[in-house]
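Presented below is the structure to which this report refers.
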Amino acid sequence: MKRNILIGLMVVSLLITLIGCTKNDINNRLIDNTKLIESLDYKFSNYKINYEKYEQAITDLAGKIEMEENLNRNFPSPNEKIEMLSEEDLIVWANTRGTYSIDVEISNVYDYLDIKYIYTKATIVPDKNNKIGVELTETRRYVYVLEDDQWILVNIERRMYEKDIKINDMDLVQFDNELVEYVEIFDPLEM
């Protein structure tokens with residue numbers, strides 16, 4: 001009898017561990033997906049890749065988000081249409097417009113029912129060659145939902161700030177009325 005109880009406890013313990021590992025694996029995949037999207041967005045916005053490469057790479061990552069929404073992510077000027085530029089043209093474009101250095105902070109996954117949120121905060125600083133750029137801060141909230149046993153990206157909410165602003169005054173930095181915790185900083189241009 002004691003042996004059966006011990007075996008039962010071991011099975012329950014193993015199941016709890018496996019469920020925890022599975023949740024961590026899912027969360028890690030979503031964080032990796034978010035980091036890749038951040039990297040592609042900022043490479044595209046910073047003239048490191050052309051639209052063709054951007055579109056090919058982001059299509060599978062962006063879930064249900066339309067490409068027209070992705071196309072307008074260019075932070076130097078949302079109205080500049082650089083989607084048709086070749087790799088060579090991008091170099092000229094970057095030299096005339098200037099580039100940026102970017103640090104992105106990313107949170108862990110925040111869960112609410114069948115929704116998972118990941119938050120990012122990017123500091124975007126004009127490089128020395130950038131005569132027209134200003135320092136920016138961009139906050140984003142990635143929204144993933146569970147559909148047919150798959151986590152699908154359904155929305156990226158974003159806010160851009162052109163001046164020094166306290167984090168408490170920013171949008172998309174809170175979950176359940178608490179500031180999110182950013183757990184990692186990375187350079188999206190180096191991924």
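Can you tell me which residue in the stretch 148-175 is surrounded by the most Cβ atoms within 10 Å (Cβ to Cβ), limited to those that are of a type in the set (Val, Ile, Thr) and part of a strand (DSSP E or B)? Once the filter is applied, the top-ranked residue is ILE156. Going by what's in this entry, would ILE118 be described as surrounded by 14 or more Cβ atoms within 10 Å (Cβ to Cβ) and either at positive phi or modelled with pLDDT of 90 or more (or both)? Spelling it out, ILE118 is indeed surrounded by 14 or more Cβ atoms within 10 Å (Cβ to Cβ) and either at positive phi or modelled with pLDDT of 90 or more (or both).
Residues in the stretch 126-142 include none that are exposed (fewer than 15 other Cβ atoms within 10 Å of the Cβ) and touching a Leu at 6+ places or on another chain (Cβ under 8 Å).
Residue count for the stretch 95-115 under the criterion of being aliphatic (A, V, I, L, M) and surrounded by 18 or more Cβ atoms within 10 Å (Cβ to Cβ): the result is 4.
Answer yes or no: is there a residue in the stretch 115-130 that is part of a helix (DSSP H, G or I), β-branched (Val, Ile, Thr), touching a residue at least 40 places away in the same chain (Cβ under 8 Å) and out of contact with any His (no Cβ under 8 Å at 6 or more places or on another chain).
First pass over the stretch 115-130, keeping only residues part of a helix (DSSP H, G or I): none.
Scanning the stretch 115-130 turns up no residue that is part of a helix (DSSP H, G or I), β-branched (Val, Ile, Thr), touching a residue at least 40 places away in the same chain (Cβ under 8 Å) and out of contact with any His (no Cβ under 8 Å at 6 or more places or on another chain).
The values are calculated or read from the model by the stated rules, or taken from the named source; none is laboratory data. Small disclaimer: the values here were computed from a predicted structure and weren't measured. Using ideal geometry, Cβ is built from the backbone for each residue, glycine included, and neighbour counts are taken over all protein chains shown.
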